[in-house]
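Since the structure comes first, as structure tokens, the remarks are kept for the end.
The values are calculated or read from the model by the stated rules, or taken from the named source; none is laboratory data. From a predicted model like this one, the values you see are computed outputs, not experimental measurements. Cβ placement follows ideal geometry from the backbone for every residue including glycine, while neighbour counts extend to all protein chains displayed. These area figures cover heavy atoms from the full protein model, side chains too; ligands, DNA and RNA do not enter into them. Shrake-Rupley method; radii C 1.70, N 1.55, O 1.52, S 1.80 Å.
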Amino acid sequence: MQSGEGKIAGAADVGGTNTRVGLVREDGKIIRIEKFPTPVQGKPGDIPLAIASTLLEIADGIPLAGLGVAAAGPINAREGYLDHPPNIPFNIVPITAPLKEAIRLPVTFRNDCRAAVLGEICAGGARGYDNVVYITISTGIGGGVFTNGRVITGRGGNAGEIGHFPVDTTYNLPCTCGLYGHWEGYASGRGIPIFFREWCTVHDLPCAEMTTPGILRLTAEDIRYSGFRDALAKVNGRGLSTVIAAYDPECIILDGTVIQSNPDLLDQALMCTDRYLDLPVCLLSPLNGDAPLIGAAMTVFHPEMI
Ligand SMILES: [Zn+2]
């Protein structure tokens, strides 16, 4: 199976609802994938055990270079555990040690956005760049930063939490982290409806209906509400400007359901970036939501990059 196709690694993407486990080739191609509900009813150790048994089942004897695991943070990458994740009802979820014991292979563990930026560089829209920022705008806002040939990880693996960059002082909306004015509190799938309601109140307008949480379904005729698009573009432009000023990337990859299903949000945000900035290439991820999973495998193949 392996001859002529390069090496294969196992990869896992642990989410609050589902976990995906796959086999990924060195060139980034996913050759097998399995999804199951993340086991959150029993004890924390059930999560690594479910990953291990699924991996062994789909590998079915195929030799693997290792297993890369990605999860939404916060994580402790060095000690190998999930540290009080907001979307999983356990305080500590051990990942690295129990997996190593169960599968007897090298195991790497990274935040999903830090893995995703590596996925984009090795197999996605950022191939050929040395300075890249990956931004996902879905339920929350997360980021992964690759600079001068390496992913920035920080002390515990949590560097690049751009969703908590301050972007506004006018509406002063609360963020999931408990502070105010953060990007995630306004422009994420969770934040947009809250921002919209607040914007309507401030502008003395009846609150229009949002059919899908976090996805604005206003038509072009909704002139009354077009100001909200401007307000949202301003916030996104502020976020992007800060990202560019902080990291000076050659390329920004945007991913996540909110931006992928509303690509015009990117164009509008770019119109609102600070004028003095030299804009990098900005594009939507071509990896169909698989950047974290592919990137998790790339952490096995390219440990020097993360
Ligand atoms: Zn925050």
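Quick notes on this one:
- Within the stretch 88-109, the set of residues being open to solvent by 50 Å² or more (accessible area, probe 1.4 Å) and either assigned by TED's automatic domain parsing to the domain that holds G156 or part of a helix (DSSP H, G or I) (or both) comprises A97, K100, E101.
- Taking the stretch 1-36 as the range and being in the same structural domain as H84 (by TED's automatic domain parsing), assigned to a loop (DSSP other than H, G, I, E, B) and among the hydroxyl-bearing types (S, T, Y) as the test, only T17 passes.
Results for (1) within 16 Å of the ligand (Cβ to nearest atom); (2) farther than 23 Å from A77 by Cα; (3) within 11 Å of the chain's Cα centre (by Cα); (4) in the same structural domain as P74 (by TED's automatic domain parsing), shown as yes or no for each residue.
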| site | (1), (2), (3), (4) |
| --- | --- |
| N131 | no, no, no, no |
| Y134 | no, no, yes, no |
| G144 | no, no, yes, no |
| G149 | no, no, no, no |
| T153 | no, no, no, no |
| T169 | yes, yes, no, no |
| N172 | yes, yes, no, no |
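- Residues that are surrounded by 24 or more Cβ atoms within 10 Å (Cβ to Cβ) and of a type outside the set (D, E) were ranked within the stretch 176-191; the one that is farthest from the ligand (Cβ to nearest atom) is A187.
- Residue match in the stretch 98-112 (condition: of a type in the set (A, V, I, L, M, F, W, C) and touching a Phe, Trp or Tyr at 6+ places or on another chain (Cβ under 6 Å)): no
- Only one of the listed residues (P48, P39) is touching a helix residue (DSSP H, G or I) at 6+ places or on another chain (Cβ under 6 Å) and assigned to a loop (DSSP other than H, G, I, E, B). That residue is P39.
- Residue ID - farthest from the ligand (Cβ to nearest atom), chosen from residues in the stretch 158-167 that are part of a loop (DSSP other than H, G, I, E, B) and within 24 Å of V202 (Cα to Cα): V167
- Conditions (1) surrounded by fewer than 22 Cβ atoms within 10 Å (Cβ to Cβ); (2) of a type in the set (D, E); (3) within 12 Å of the chain's Cα centre (by Cα): number failed by D255: (1)
- Members of the stretch 8-27 that are open to solvent by 10 Å² or more (accessible area, probe 1.4 Å) and under 19 Å from the mean Cα position of the chain (by Cα): D13, G15, G16, T17, N18, R20
- Cβ-Cβ contacts under 6 Å between residues 6 or more apart (or on different chains), taken from a first residue in the stretch 166-177 that is more than 12 Å from R190 (Cα to Cα) to a second residue that is open to solvent by less than 80 Å² (accessible area, probe 1.4 Å) and in a loop (DSSP other than H, G, I, E, B), are listed as P166/G181; D168/G181; T169/G181; N172/G181.
- Those helices (runs of 4 or more DSSP H) lying entirely in the stretch 220-279 with at least 2 residues among the aromatic types (F, W, Y): 226-247
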